[in-house]
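Undergrad: Questions regarding the structure given below will be posed in turn.
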Amino acid sequence: MPDRITIEMNSAPVQEALNYLANTLEPGGMRGVLMEIGEYLVESTKQRFATSTAPDGTHWLPNSEATYLNYLSGASTGDQSARGRHFGRDGRLNARGSARATNKKPLVDTGELRDKIAYQVAGDTLFVGTNRFANLWSAGAAVHQFGSRNGKIPARPFLGLSNDDETTILDILRRNLDDALSGQ
């Protein structure tokens, strides 16, 4: 069974708004609210891959030289012909390889990790994360979120709440509370 890594987000304003709304709604009424928040957080998390930015607003460290070489040689995807398309006969990077390297972003190779971000509502709990490589500390989601145990791969956090996320979640909660109080 894969390991589960849990990161709890305990924002006091969000928690207070959640509690107040939960006490206002009928039993089971939080499911729709949590689903709306989950859908938002999935898209917000996926956007971090496009901007290479952690939830706290810091930019992820760039890829290492070894990562670029693996990427351009096709080692990461098993594409045996990639090396010939990206390097000249003299072993230097050609124009096509240079253009490809320029557009390479951390944590985005195949897009599989980004595309596996999902949410799940279980009772009154919202889970947002990925099952992609959940138990692999050598190349899985955990190593990207926290960094490798040996320190060779830096942490590039993609899960968590940004200030904008917190503001949007509070807006969702306020809107739902207004709807509940107005009888909709």
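The values are calculated or read from the model by the stated rules, or taken from the named source; none is laboratory data. Please read all numbers here as calculations on a predicted model, not as lab measurements. All Cβ positions, glycine included, derive from the backbone under ideal geometry; neighbour counts span all protein chains shown.
Undergrad: If we keep just the residues of the stretch 11-31 that are free of Cβ contacts under 8 Å to residues at least 24 places away in the same chain and among the small types (Gly, Ala, Ser), which is surrounded by the most Cβ atoms within 10 Å (Cβ to Cβ)?
TA: Restricting to residues being free of Cβ contacts under 8 Å to residues at least 24 places away in the same chain and among the small types (Gly, Ala, Ser), the top hit is 28.
Undergrad: Every residue in the stretch 151-184 that is within 11 Å of residue 14 (Cβ to Cβ) and not in a helix (DSSP H, G or I), please.
TA: Across the stretch 151-184, the qualifying residue is only 161.
Undergrad: Just checking, does the stretch 124-145 include any residue being at negative phi, out of contact with any Phe, Trp or Tyr (no Cβ under 7 Å at 6 or more places or on another chain) and at pLDDT 90 or above?
TA: No, because not a single residue in the stretch 124-145 is at negative phi, out of contact with any Phe, Trp or Tyr (no Cβ under 7 Å at 6 or more places or on another chain) and at pLDDT 90 or above.
Undergrad: Can you tell me which residue is modelled with the lowest pLDDT among those in the stretch 48-67 that are charged (D, E, K, R) and surrounded by fewer than 15 Cβ atoms within 10 Å (Cβ to Cβ)?
TA: 65
Undergrad: Kindly establish whether residue 70 is within 21 Å of the chain's Cα centre (by Cα) and at pLDDT below 75.
TA: Spelling it out, it is not the case that residue 70 is within 21 Å of the chain's Cα centre (by Cα) and at pLDDT below 75.
Undergrad: Another question about this same structure. Looking at the stretch 13-26, can you tell me whether even one residue there is of a type outside the set (Val, Ile, Thr), at pLDDT below 95 and within 13 Å of residue 165 (Cα to Cα)?
TA: Within the stretch 13-26 (the criterion being of a type outside the set (Val, Ile, Thr), at pLDDT below 95 and within 13 Å of residue 165 (Cα to Cα)), the answer is yes, since at least one residue qualifies.
Undergrad: Of 96, 83, 89, which residue is at pLDDT below 75, among the basic types (Lys, Arg) and not assigned by TED's automatic domain parsing to the domain that holds residue 167?
TA: So the residue among 96, 83, 89 that is at pLDDT below 75, among the basic types (Lys, Arg) and not assigned by TED's automatic domain parsing to the domain that holds residue 167 is 83.
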